[in-house]
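Enquirer: The following block contains the structure, expressed as structure tokens.
The values are calculated or read from the model by the stated rules, or taken from the named source; none is laboratory data. The structure displayed is predicted, hence computed values, not measured ones. Cβ placement follows ideal geometry from the backbone for every residue including glycine, while neighbour counts extend to all protein chains displayed. For the accessible areas, the whole protein counts, side chains as well, though only heavy atoms, and no ligand, DNA or RNA atoms are used. Shrake-Rupley method; radii C 1.70, N 1.55, O 1.52, S 1.80 Å.
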Amino acid sequence: MQAAIAIAQSQKARSFELRAALSLAKLYRAANRDADADAVLAPAVEGFPPPQQFPELTEAQTLLATVTP
């Protein structure tokens, strides 16, 4: 997943970066690694337009709200 995030970042493919970060954050959350989930998801969410354009963004913001300290 981290490789997918890095590739998406290098290609400036924000939606793919978000999807990969969301998947990794879910894995971290399931392993009770909230700080890691926040660290991977917060940068991927920044700068996106309103959530209704990206269903993954809504899901990511909901997950981020549960893991942010």
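Enquirer: Taking the stated definitions as given, is ALA30 open to solvent by 60 Å² or more (accessible area, probe 1.4 Å) and either more than 9 Å from the chain's Cα centre (by Cα) or closer than 13 Å to SER15 by Cα (or both)? Show your work before the answer.
Expert: Values: open to solvent by 60 Å² or more (accessible area, probe 1.4 Å): yes; either more than 9 Å from the chain's Cα centre (by Cα) or closer than 13 Å to SER15 by Cα (or both): yes.
Yes, satisfied.
Enquirer: Restricting attention to region 21-51, which residues are assigned to a helix (DSSP H, G or I), charged (D, E, K, R) and without any contact (Cβ under 8 Å) to a residue 24 or more places away in the chain? I'd like the intermediate steps shown before the answer.
Expert: Of the residues in region 21-51, the ones assigned to a helix (DSSP H, G or I) are 21-30, 34-45, 51.
Next cut, charged (D, E, K, R) only: 26, 29, 34, 36, 38.
Answer for region 21-51, where residues must be assigned to a helix (DSSP H, G or I), charged (D, E, K, R) and without any contact (Cβ under 8 Å) to a residue 24 or more places away in the chain: just ASP36.
Enquirer: Okay, next question. Just to verify a result, which residue in region 52-69, among those that are part of a helix (DSSP H, G or I) and of a type in the set (A, V, I, L, M, F, W, C), is most open to solvent (accessible area, probe 1.4 Å)?
Expert: First, the residues of region 52-69 that are part of a helix (DSSP H, G or I): 52-53, 55-67.
From what is left, the residues that are of a type in the set (A, V, I, L, M, F, W, C) are 57, 60, 63-65, 67.
On the way: LEU57: 1, ALA60: 0, LEU63: 28, LEU64: 28, ALA65: 77, VAL67: 9 Å².
Looking at residues that are part of a helix (DSSP H, G or I) and of a type in the set (A, V, I, L, M, F, W, C), I get ALA65.
Enquirer: Is at least one residue of region 35-51 open to solvent by less than 50 Å² (accessible area, probe 1.4 Å) and touching a Lys or Arg at 6+ places or on another chain (Cβ under 6 Å)?
Expert: yes
Enquirer: Related question: Residues being outside any helix (DSSP H, G or I) and open to solvent by 90 Å² or more (accessible area, probe 1.4 Å): count how many of those fall in region 1-20. Let's see the steps before the verdict.
Expert: At the first step, the residues of region 1-20 found to be outside any helix (DSSP H, G or I) are 1, 11-13.
Right, trim to open to solvent by 90 Å² or more (accessible area, probe 1.4 Å) and you get 1, 11-12.
Of the residues in that region, 3 qualify.
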